[in-house]
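The values are calculated or read from the model by the stated rules, or taken from the named source; none is laboratory data. Just so it is clear, the model here is predicted, and its values are computed rather than measured. Neighbour counts are summed over all protein chains in view; Cβ atoms, including those assigned to glycine, are modelled from backbone coordinates with ideal geometry. Accessible surface is based on the protein model in full, side chains and every heavy atom, while ligands, DNA and RNA are left aside. Shrake-Rupley method; radii C 1.70, N 1.55, O 1.52, S 1.80 Å.
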Amino acid sequence: MTDVLISAKGLAKSYGQKQALKPTDLEVPAGRIVGVIGANGAGKSTLLNCLLGLSNYDGELQVMGMNPLMQRAKLMEQVCFIADVATLPRWAKVADLLDWVAGLHPKFDQAKAIARLKTTTVQLNARIKALSKGMIVQVHLAIALAIDARILVLDEPTLGLDIVNRRGFYDAILSDFFDETRTVIITTHQVDEVEPILSHAIFIRDGSVTLDAAMDDIAERFLAVDVLDNQKAEAEALKPLYSRSLLGRTTYVFDNVPADKLRGFGEPRRVGLADLFVALAQ
Amino acid sequence: MNKFLTLIRRDLADNRGALITTPIVIAAIMLVVTLFASLTGNARFGFDPEDFANGRNGAAVEGKAYIDTGSEAVAVRRGPDGKVTITRPNGETKTLDETMDAKAKATIETVLPVGTAAASLLPLGIAGIAILFVLAGALHDERKDRSILFWKSMPVSDLETAAAKLVSIVGIGLFFALAVTIVLNVAMTTIAVMTLGNVGITGVSASTVYLNGVKLWVVMAVALLIYIGWALPVYGWVSLVSAWAPKAPFIAAFAPLFVVPLVYMAISFRGNEHDPILSALWEPAGRLIGEPMFHEMTGVVEKSQDHIPTIQVDAMLAHLAANLGQPGFWAGLVLAAGFIYAASEIRRRRAL
C-alpha cells in the first residue's frame, strides 16, 4: 500500500473576493520529488501555505494524517520547510539558532548540523545578518537536513542565489535528505534547474491545477518535434498543443500523440517543463 | 517545558538590549553618580553640609531628627579625617555623633534603606516602560522581518509562542530589573553606611539597615507580582495588537487606551471625577501605573509608640494580599488570558 503523505479534496483558499486557490484534489505519496510550477501569483505559495498550516483554507486537507491548521505544531515534527532565503532571524547568532532549534525540535540532530556547517565558510559565532545570502542558505539547509522529517517543503528556496549555490543546494537535498520514505515539494522559478531531480510536476495557473503528473508520464504524453514548412499543415492536423516558429523552423508540442506518428516530421523529443508550462498556458 | 524554556531563552536573546542591558546600564550610571557624589563630599548625607550653617534650612534637618538643635544657625565643619563637628553660637562644639541620640540612630536604620530603595527604583521604572515597546513589537516584528516563517517551521504552537513572549518580556523583564534594582540598592546602601562611618556616626547597625532593606525587597517583589497581575490585561491587549497590527503596533496598542478617554473627556466630561464611564475608560492606564494596587495604601514608614519609625512590612503585605480578594483583579487575569489566546489565534491564521 502506498504511503500517502498529503491528501486534499476540494482544497481552496480565498482572499476576500479573490480565489487564490480553486478547489483542488491532490494526493502525494512518499518517495516523490514534486515540483509546483506556476507564474507569480498563480497560487503556488498559497497551496504550500495551506499544506504547512500557515493559513486557513476551505475543503479537506490531511498532511501526515493531520489537519495542518489545527495541528501545525505536531505536524512540524514530521514536516520541514524553507520558505525563502531571508527567513532566518537576522539578529541571532548561528550557534544560538542551532541551540534553540535543538530545544524546540525533537528530531533535530544538532551535531549533524554543526558537522555540515563546518564544511562551509560559515562561522558558528557569526550573526545571521553578517552572512551572505549563500551562507544563510547553508545555515538554513544545515538545519533542515539535520531534521529527521518525512516531508520537506521548499518555497523558492534559492531565490537570489548564484548558480553554484543553487546547484549545491539541490545536490544536498538529493544526497542528504531524499529517499523512498520521504517527499520533497519544491516551488521555484528556476524550473530548468530542478527538472532533472523531479519525479512529479504540478502546474498551477490562476489558482487552478492544470497538470498533476509523473515526469515519466509527462515524457511519454507530451512530445515536441521540429516541422519543416512544407509539413506544417500535416502536423497541425494532429492538433498540436502549441507551436513556436524560430529561425525558419516550427516546433510543435503534441499531447497524447504516439511517437510513431510524429517520426514522419522528425525525431520526437521530450518536452522541457518550462516549454510545457508555456504550451499549457496557451 | 524544555520547549517553553527555549522560547524564553530565544526571546531574551532577541530583546537583550531592552530587557537586560538597559537596567544594568541605568543602575551602573546611578551607582557611578552616587559614588561620585559621596566621594566629593558635598552630599554625604544626601544634603549639602552648608545647609547646616544656614538657620533657615536647619529646620529641615531637624525635621529628620538628625540633630537636636533649635533653629539657630550652627557652624558645621568637616575635619581632615572626614568627621563632622557642629558648633553652636554659644561656642559649644559637638561631633555629629554626639548630637544624635539612640532614637535618631534607630531612625536612620529605618529611613536609610527606604531612601536608598526608593533611589534604586529607576532601573525598574525604566524597564516598566521599555517592556511596553518590546511587547508591542514582539509578534509584529517577526512578521516584518519574515522570521515568523522560520519559527513556524518549528513544532511549537502559537499559544506557546505568545505565552512565552509574555512571560519572558513582562515576567522575566520586570523581575530581572527588580534584581538589578536590589543589587543597586545593596551598593547604594553600602555607600550610605560607609558614609555614616566616615562622618563619624557610630551606633548605626549596618545589619539592621540591611535587614530592613531585605524586608523592603520582599515587599517590592510581592508588589511587582501583584502589579503584573493588575496590568496583565493591558499586556495581553498589547500582545493582541502586536499580532494583528499591520504597522506601528505601539501606537495602535496605546492610542485607544489614551485617546478614547481624552476624547470622552473633551466631549462629555462635566467635571465629575467619579464619572463611571470616565473611570472605566481610564482603567487600563490606571492599571498600567499600578493605581489599583496602591489605592488607600498606608505609608512605608510609620512612627511607633516610642517614636522610632518602623517599616510597615506586615501592613504593606496585607494590603497587597488584599488585592487578591478584589474581583477586578481576577477579571483582569481572565481578560488577559482571552487576549493572549486571541493573539495566538491571529498568529495561527496568518503566515505574514
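The figures follow:
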item	result
Identity of the residue in region A:101-113, over 24 Å from the mean Cα position of the chain (by Cα) and of a type in the set (G, A, S), that ends up farthest from the other protein chains (Cβ to nearest Cβ)	A:A111
Residue among A:G103, A:G134, A:G43 that is out of contact with any His (no Cβ under 7 Å at 6 or more places or on another chain), within 30 Å of A:R205 (Cα to Cα) and open to solvent by less than 20 Å² (accessible area, probe 1.4 Å)	A:G43
Test result for B:A318, under 25 Å from the mean Cα position of the chain (by Cα), modelled with pLDDT of 90 or more, more than 30 Å from B:E160 (Cβ to Cβ) and of a type in the set (A, V, I, L, M)	yes
Residue ranges of helices (runs of 4 or more DSSP H) in region B:251-351 with at least 3 members touching a residue at least 40 places away in the same chain (Cβ under 8 Å) and over 19 Å from B:Y227 (Cα atoms)	B:327-348
Given (1) closer than 27 Å to A:R269 by Cβ; (2) in a strand (DSSP E or B); (3) open to solvent by less than 10 Å² (accessible area, probe 1.4 Å), index of the condition A:V194 fails	(2)
Residue in region A:84-100 that is surrounded by the most Cβ atoms within 10 Å (Cβ to Cβ), counting only those that are facing chain B (nearest Cβ under 7 Å) and under 14 Å from A:L141 (Cα atoms)	A:L88
Of the criteria (1) open to solvent by 50 Å² or more (accessible area, probe 1.4 Å); (2) in a helix (DSSP H, G or I); (3) at pLDDT below 95, which one A:A111 fails	(3)
Residues located in region A:114-136, provided they are more than 14 Å from chain B (Cβ to nearest Cβ), over 19 Å from A:R166 (Cα atoms) and in contact (Cβ under 8 Å) with a residue 12 or more places away in the chain	A:I114, A:Q123, A:L124, A:A126
Only listed residue being under 24 Å from B:A37 (Cβ atoms), more than 14 Å from chain A (Cβ to nearest Cβ) and open to solvent by 20 Å² or more (accessible area, probe 1.4 Å), chosen from B:I172, B:I182	B:I182
From A:I163, A:I185, residue being modelled with pLDDT of 90 or more and among the β-branched types (V, I, T)	A:I185
Index of the failed condition, B:T202 passing every other in (1) within 30 Å of B:E302 (Cα to Cα); (2) in a helix (DSSP H, G or I)	(2)
Count - residues of region A:37-57 that are touching a Lys or Arg at 6+ places or on another chain (Cβ under 7 Å), within 14 Å of another protein chain (Cβ to nearest Cβ) and at negative phi	6
Some residue of region B:6-16 being out of contact with any helix residue (DSSP H, G or I) (no Cβ under 8 Å at 6 or more places or on another chain), away from chain A (no Cβ under 14 Å) and either part of a helix (DSSP H, G or I) or under 13 Å from B:I172 (Cα atoms) (or both)	no
Of all residues making up region A:147-190, the number that are of a type in the set (V, I, T), part of a helix (DSSP H, G or I) and either open to solvent by 20 Å² or more (accessible area, probe 1.4 Å) or assigned by the TED database to the domain that holds A:G103 (or both)	2
Yes/no for B:A138 being closer than 25 Å to B:A337 by Cα and in a helix (DSSP H, G or I)	yes
Those residues of region B:109-129 which are among the hydrophobic types (A, V, I, L, M, F, W, C) and either within 14 Å of chain A (Cβ to nearest Cβ) or open to solvent by 20 Å² or more (accessible area, probe 1.4 Å) (or both), in sequence order	B:V111, B:L112, B:V114, B:A118, B:A119, B:L121, B:L122, B:L124, B:I126, B:I129
Failed item in (1) small (G, A, S); (2) over 18 Å from A:N256 (Cβ atoms); (3) open to solvent by less than 20 Å² (accessible area, probe 1.4 Å), with A:A213 passing the rest	(2)
Flag if A:E27 is assigned to a strand (DSSP E or B) and either within 10 Å of another protein chain (Cβ to nearest Cβ) or loosely packed, with under 15 Cβ neighbours inside 10 Å (or both)	yes
Residues (crowded, with 19+ Cβ neighbours inside 10 Å and out of contact with any Pro (no Cβ under 6 Å at 6 or more places or on another chain)) located in region A:70-83	A:R72, A:Q78, A:V79, A:C80, A:F81, A:A83
